[in-house]
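Take a look at the structure below.
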Amino acid sequence: MRTKQTVLNEMDCILPAKSVNEGVARAIVGAFLAQLDPTVEDLSDLRCAVSEAVTNAVVHGYGRRNETDGTAEHRVGLSIAILPDRVVRITVRDKGCGIEDVERARTPLYTTDPAGERSGMGFSVMEAFSDRMTVRSRPGKGTKVTLYKKMK
Ligand SMILES: Nc1ncnc2c1ncn2[C@@H]1O[C@H](COP(=O)(O)OP(=O)(O)OP(=O)(O)O)[C@@H](O)[C@H]1O
Ligand SMILES: [Mg+2]
């Protein structure tokens, strides 16, 4: 059984799955974590990781059709929690197509992008810029990426 983590402060928001909201998500992370007075490096790492996760939800989870239709029910959830000892937990979730093989998806350079625009490095960036990353996904149901980082 898992014990529930103590949360000192938290926020949740839901954004339409549009690529402009990658920048919005980055800004929200900066605004909410200002209370920890983070180092520039820690903050920039987390902002980068979050923008990769949101990009994945928009591009892979839902596909590009969202760009033209902001009224569709395609949404990306962003939760930020401050845990004891300056540990930050960030969750990015979508109700998109899901990932069939998470382990394979996390492999560096693995991409399903047919146009060759993507490098398959998003999960590697998220892993490098956080202390721990978990990915839960179910095909047809969606994906939830959780990032943990202890701030200096
Ligand atoms: N939220 C998601 N929903 C569905 N599939 C996803 C999601 N996130 C990642 N994937 C799958 O995992 C693969 C690897 O993701 P990753 O972010 O590492 O690379 P990428 O997005 O293809 O390229 P890059 O991030 O370098 O632009 C994607 O190509 C996609 O198939
Ligand atoms: Mg990616």
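The values are calculated or read from the model by the stated rules, or taken from the named source; none is laboratory data. Fair warning: this is a prediction, and the values are worked out from it, not measured in the lab. For neighbour counting, all protein chains shown are included, and Cβ atoms are generated from backbone atoms with ideal geometry for every residue, glycine included.
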Those residues that are within 10 Å of ligand 1 (Cβ to nearest atom) and of a type in the set (Gly, Ala, Ser), I need them from segment 117-151; list them, please. Ser119, Gly120, Gly122, Ser124, Ser137, Gly142
Among the listed residues Val88, Val76, Val29, identify the single one that is touching a residue at least 12 places away in the same chain (Cβ under 8 Å) and within 16 Å of ligand 1 (Cβ to nearest atom). Val76
Hey, can you tell me all the residues within segment 111-138 that are near ligand 2 (Cβ under 10 Å from one of its atoms) and not polar (S, T, N, Q)? Asp113, Arg118, Gly120, Met121, Gly122, Phe123, Val125, Met126
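Conditions tested, residue by residue: (1) without any contact (Cβ under 8 Å) to a residue 24 or more places away in the chain; (2) within 21 Å of Arg138 (Cα to Cα).
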site: Gln5; (1), (2): no, no
site: Gly23; (1), (2): no, no
site: Asp42; (1), (2): no, no
site: Val50; (1), (2): no, yes
site: Gly116; (1), (2): yes, no
Of a type outside the set (Phe, Trp, Tyr), surrounded by fewer than 19 Cβ atoms within 10 Å (Cβ to Cβ) and away from ligand 2 (no atom under 16 Å from the Cβ), is that true of Val24? yes
Which of the numbered conditions does Asn66 fail, given that it passes all the others? Conditions: (1) modelled with pLDDT of 95 or more; (2) within 13 Å of ligand 1 (Cβ to nearest atom). (1)
